[in-house]
Amino acid sequence: MDWYMMNCELLATCSALGYLEGEVYHREPDCLESVKDLIRYLRHEDETRDIRQQLGAAQILQNDLLPILVQYPQDKVLFDAVIRLMVNLTQPALLCFGKVPSDATSRHHFLQVLSYLQAYKEAFASEKVFGVLSEKLYDLLQLDWEQRQDEDMLLIERILLLVRNVLHIPPDPTEEQGVDGDASVHDRVLWALHMSGMDDLLKFLASAQVEQQWALHVLEIISLMFRDQSAEELAALGQGQAAAEHGEDIQELETLRQRELAEKRARALQRPSRHSRFGGSYVLQGLKAIGDRDVIFHKGLHNLKSYSHDMGKETRRVPRRRQAAPETETPRRSARNVRLFLRCFCQDFLESCYNRLMLLVKDQLVREKAQQHDETYYLWATAFFMAFNRRRGFRPELVSETVSVRAFHFIEQNLTTYYEMALMDKKEAATWARRMHLALKAYQELLRTVQEMDRSPEQAVRDSSQVIKSNIFYLMEYRELFLTLFRKFDETKQPRSFLRDLVETAHLFLRMLERFCQGRSSLVVQSKRVRKKKKKPRAPAAIAPQPPSTAELEELWAGLVPQLQACLQGEVPLPEDVVPFDAASETPVEEQRTEALLQIQGCLRGARAPQALRLLRSARDIWPEGDVFGTPDTGPPEEMQLLREILFAPLPGHAPPKTEELEEDEEEEEEEEEETVQVSEKEFNFLDYLKRFACAPVVRALVVLLRGYARNSPHTNHCAARLLHRLARDLHMEALLFQLSLFTLFHRLLNDPAAGAYQELVALAKFILGKFFALAATNKKAFVELLFWKSPLAIREMTEGYGSLQDGEGAGRSRVPPWTPQQEQELRELYWKYKEVEGEDIIATILAHLPAPGRTRRQVVKQLVRLGLASSAKDFPRERKGTRIVLWTPEQEEELTRLFEEFQGSEDVLGNIMRHLTARRSRARVVEKLLGLGLVSERKELYKKRRRKGHVPVPGAAGTPALPAQDSSAEDSDGEEEDEDGDEAEEGPMDEHWTPEEGAGQGLAHRLHQEGLAGPLQWLENCLRRTAEDRQVDGVSHPVPLVPLSEENEDAMEDRRFWALLRQLGLRPPSNEQESFWRIPAAITPQQLRRMATSIAHHHHSPPGSPQGPLEPPRCPQDPAPEQLPARLGSGSDSESEEPVPVPNPARPGTKRQREFDSEDEDDGSLAPSSLPPPSGMELAPAAPRSWEDEDKDEDLQPRGRRKRVRRLEEEEEEEG
């Protein structure tokens, strides 16, 4: 942009800043106001960033702002304004435009702004500028927190942002074309930053306790400082002689020299001894031309090898969407003094800052206090500094914060998220691929660090690596990660560097897993299986039977009397699996009491006397109030009389289920599928796992990587060749590599003059080609098979003979039985028979008349289309429910109004209206019409009203037990929004005023003990006694939740009888959907809690060998013994005291749930915060008590069920606090 095209007002403002005379800048009196005006102009620039471009063309930052910053740092107001303006001017171009523009005009403006930013970066390569910034930042950091003002905090942040913006500016590829070792603009900026002491301030900010809010800013600046660096090269710098430092360069030059010499020798052999003036013409036998004749070659024989049919053809252009993804960053070696400074910075950072900074950043990321995608800096730092530590005298204690199962889980979670977003967000797939690459490199470095720990001379370090590997190899997500990435690799979205790291990481993982399996006779791993379950169509509602007459009941009672007498005398045992109360049901307690009476009556009328007597006695224990089921001292005669009254009582029966109509826009699904994930354990077989890699996507990705074998490092070629060798030799699937693209690669490799440098690839190529020609001698179709990527089943047919697969094998197998000619003929007859019938669904009619095997609607429709009886499936539309009745007639509206006025005061207005409507409609349509008619103003008026407790009358004098009012209609789906104030009012008296009676629950506890619930009763007693002691010591009472952590206690908490015992003891159930656990109310005193525990303890004894206190949490099946596990590093950190929580009995050994708990390493202190031992010479201290904050950090590693319960418990405690 021309300087003279500048806006007049902007030009006047810039002129009012001042002028530069020599090296002295003279500011104008209006300098401060002019800087503020420029800030205001930038705030109102257009989408082309015109103000920014004009200021960049005028070089305002180089000629005015930087001299003002250097010469007037004492003017605090001016200095602050200049920093604000420079932060705005140097912000990345991507932030200004949002993304790289696609149209030519906007892209031109984008590149123009980028060029000005690159000029700014060159101007910042000055020690004076960074010296002023460092001194100002040092003065601000010297202030105590009490002395710092808000302006000081903003200035610190702006200085850090300015340094970030300058380092973020990308290099100009046209200007910086020097060789490795030359000082680039970025190197000069880093050197100025180092000479000013800014790097020491960054290390202070990363390690200071009071400066933790700048953690993410510091990490971002550090990541930009090392943007072009390689951790391995920095670590190797200065470890040997100068010649050894350039060993890699010498090796590369030697390879090129060998290639050149081989080409010279080949040309010398092809050159004839005597020069011929005539080239001659030759016929190439066996090589056909366009016609049937052989090719005629009109050049010398020395050019024969370069002949191709493609000579003279125009190169086919590859569309942009199919071009390979470009590399994000090209590696470059900085100047030696800059690399030495960066190496020293890495050493100091690892020793004093790394663990603390990574802990703070991880905490901010987990708590979502950071900005979006800031986790990429965490992933980069993990990969870079762990690689530097591994290559620079490996010391595990320096990186202990990021060497743990939690670190693996965090990286795997982000890697999976990036992978899923790359599949969904197609437009930004390349961006998600770059983030995925960062996560993959961090994962790779974690594996390499664990591998390095296996070689450590300290036994504690080796034990920690075994613990980490046992957890990583146990979970299925870590094993399936590489298969997923291979199958979804797309070279148009992901660069070759991503594929290179993927192959190297997969090779490392397979090698570690193979060695881990070799040292064990058996390995148990977790397995997840997704099963699809088809829902069956609902059966039609059954017609309610007519009630029996009095004479029939008298005859039935006469037959029941002998059975009941035998039961009362103990001659016939009563069943134990009959329970009248379901604590997990959403049905209110009063309605369950009514249902208990109906169950007793049903058992009596079904001649099941023992079940009826057991139900009566169980219901009496659960509902002792009201004497509905008799008094506690009821004898056998009274029980006989009560059962007779229940048998003859005209109780309201269960209303038959009514099929509600769905919405008009919903389509009835005849066969719906439900996906359920089944988690189990199985024996691990390494070869079976390796077979998962025997697929076309994996081989295709390896071929893509090996196409550039000349550019790959020797280690990369080794990893790719080793993977192919595993598939060919270990699995005996050589035919999997019989593919033309791979053979083309082998041909190019074998003809390469420098093939001696790739001996491993050459040996693999010769082995595969030998196997192919041996197979081609017996199978002439092998040459055609070269054109296709093959699966293991195709390989089997190719090697053993086509048609060798048995029935049911292969990918073409189908669960759908084939249609026989007889079935097809019968289908035709049924179709022509019912085609002309109006008002019926022809497919439903055909399905009703088709014999076994049963066919689905979709199968019948497809077969009809295949037979030509229909053109497409659209000829048989599925009938929608709820569409037959759309409009309301005036008579129906009058009926609805009359029903609403009749039932307006009832408890369930909508349910009564639905039962009495003549025309069947869905609840949503009825509610919508009531709102449209203005009969109700909002939906809440139609909600079912809840009844209060204690409204069950005593049985009447006539001998018929009085029952609470029962509603036979199901609650509306909108009923979930019922007012919760009523719940709190109902539960409030129980918490504040109700107290248990002396000896409550003794009888029920005795029966539960006899039924095998001694363990949960012991756990409940321990909880009550522990809570009593805590309340007596603290003097404060809070509701204490009962959290079952073992399988036995969880099963007990789902048992209706155990819930009945908790109610009798006065414990409070979850009051709303936000609570998940029963609670010990705060109103119960310690004395009452001890009496409750004593009443339970009167009727059970601890089983022999049962634990009397909290035990160690179970371990993973592959973990070493507890005494062999090292204590975690940094265990001396302070942790807050933990609130007492009832400790359950441990799970039964050998159960499946126990192994699942072990797999997550839920409470094992040896892995939190890291799985590493202390450095040598230190004692192994026991792990500190874990606080609730520690539980938050380890939340992701806990089993899913417990993690959900713990999260709910914390939310409930926060609400109560």
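The values are calculated or read from the model by the stated rules, or taken from the named source; none is laboratory data. Here the structure is a predicted model, which means the values were calculated and not measured. Every residue, glycine among them, receives a Cβ derived from its backbone with ideal geometry; neighbour counts consider all protein chains shown. In case anyone asks, the SASA skips ligands and DNA or RNA and just uses the protein heavy atoms, side chains included. Shrake-Rupley method; radii C 1.70, N 1.55, O 1.52, S 1.80 Å.
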Review point. From the list Arg392, Arg322, which residue is surrounded by 14 or more Cβ atoms within 10 Å (Cβ to Cβ) and at pLDDT below 90?
Key: Arg392
Revision key, fill the gap. In the set Leu117, Leu160, Leu155, the lone residue that is open to solvent by less than 50 Å² (accessible area, probe 1.4 Å) and closer than 19 Å to Asn63 by Cβ is Leu117
Review point. What number of residues in region 681-720 are open to solvent by less than 70 Å² (accessible area, probe 1.4 Å), more than 32 Å from the chain's Cα centre (by Cα) and not hydrophobic (A, V, I, L, M, F, W, C)?
Key: 6
Exercise for review: May I ask you to list the residues in region 115-127 that are part of a loop (DSSP other than H, G, I, E, B) and either touching a Gly at 6+ places or on another chain (Cβ under 9 Å) or not aliphatic (A, V, I, L, M) (or both)?
Suggested key: Phe124, Ser126
Review point. Is it true that Glu327 is part of a loop (DSSP other than H, G, I, E, B), of a type in the set (D, E, K, R) and modelled with pLDDT of 75 or more?
Key: yes
Point to revise | Residue list for region 469-524, filter: in contact with a Leu (Cβ under 8 Å, 6 or more places away or on another chain) and of a type in the set (A, V, I, L, M) | key: Leu481, Leu485, Leu499, Leu502, Val503, Ala506, Leu508, Leu510, Met512
Review point. If you check Arg84, Arg107, Arg27, Arg43, which single one turns out to be of a type in the set (Lys, Arg), more than 30 Å from Ala430 (Cβ to Cβ) and without any contact (Cβ under 8 Å) to a residue 40 or more places away in the chain?
Key: Arg43
Check your understanding: In region 418-447, what residues are within 14 Å of Leu379 (Cα to Cα) and within 15 Å of the chain's Cα centre (by Cα)?
Key -> Tyr418, Met436, Ala439
Exercise for review: Just need a number here: residues in region 853-872 that are open to solvent by less than 20 Å² (accessible area, probe 1.4 Å), farther than 11 Å from Ile843 by Cα and not in a loop (DSSP other than H, G, I, E, B).
Suggested key: 1
Exercise for review: Would you mention how many residues in region 873-904 are over 21 Å from Leu942 (Cα atoms) and either modelled with pLDDT of 85 or more or part of a helix (DSSP H, G or I) (or both)?
Suggested key: 5
Check your understanding: So is Leu805 closer than 30 Å to Ala728 by Cα, surrounded by 12 or more Cβ atoms within 10 Å (Cβ to Cβ) and modelled with pLDDT under 85 or not?
Key -> yes
Practice item. Of all residues in region 395-415, count the ones that are surrounded by fewer than 16 Cβ atoms within 10 Å (Cβ to Cβ) and assigned to a helix (DSSP H, G or I). Key: 1
Check your understanding: Considering only residues of region 223-271 that are touching a Leu at 6+ places or on another chain (Cβ under 8 Å) and modelled with pLDDT under 80, which is most open to solvent (accessible area, probe 1.4 Å)?
Key -> Gln270
Point to revise | Which listed residue is touching a helix residue (DSSP H, G or I) at 6+ places or on another chain (Cβ under 8 Å) and part of a helix (DSSP H, G or I), from Leu787, Leu742 | key: Leu742
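Could you grab me the full set of residues in region 482-535 that are assigned to a loop (DSSP other than H, G, I, E, B), open to solvent by less than 50 Å² (accessible area, probe 1.4 Å) and modelled with pLDDT under 85?
Answer for region 482-535, where residues must be assigned to a loop (DSSP other than H, G, I, E, B), open to solvent by less than 50 Å² (accessible area, probe 1.4 Å) and modelled with pLDDT under 85: just Leu523.
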**Study point:** Which listed residue is of a type in the set (D, E, K, R) and within 13 Å of Leu85 (Cα to Cα), from Arg40, Arg27
**Key:** Arg40
Practice item. Name every residue in region 583-602 that is over 17 Å from Gln641 (Cβ atoms), open to solvent by less than 50 Å² (accessible area, probe 1.4 Å) and either in contact with a helix residue (DSSP H, G or I) (Cβ under 7 Å, 6 or more places away or on another chain) or at pLDDT below 80 (or both), in order of residue number. Key: Ala583, Ser585, Thr587, Val589, Glu590, Glu591, Gln592, Arg593, Thr594, Ala596
Practice item. Hey, could you check region 817-848 for residues that are assigned to a helix (DSSP H, G or I) and of a type in the set (Val, Ile, Thr) and say which is farthest from Ala870 (Cα to Cα)? Key: Thr845
Review point. Counting only residues that are β-branched (Val, Ile, Thr) and open to solvent by less than 30 Å² (accessible area, probe 1.4 Å), which one in region 1076-1094 is nearest to Leu1042 (Cα to Cα)?
Key: Ile1080
**Study point:** Close pairs (7 angstrom Cβ cut-off, 6 or more residues apart or separate chains): closer than 24 Å to Leu284 by Cβ in region 307-335, surrounded by 11 or more Cβ atoms within 10 Å (Cβ to Cβ) and modelled with pLDDT of 75 or more anywhere
**Key:** Tyr307/Phe297
Practice item. Kindly indicate whether Thr799 is farther than 25 Å from Arg511 by Cα and free of Cβ contacts under 8 Å to residues at least 60 places away in the same chain. Key: no
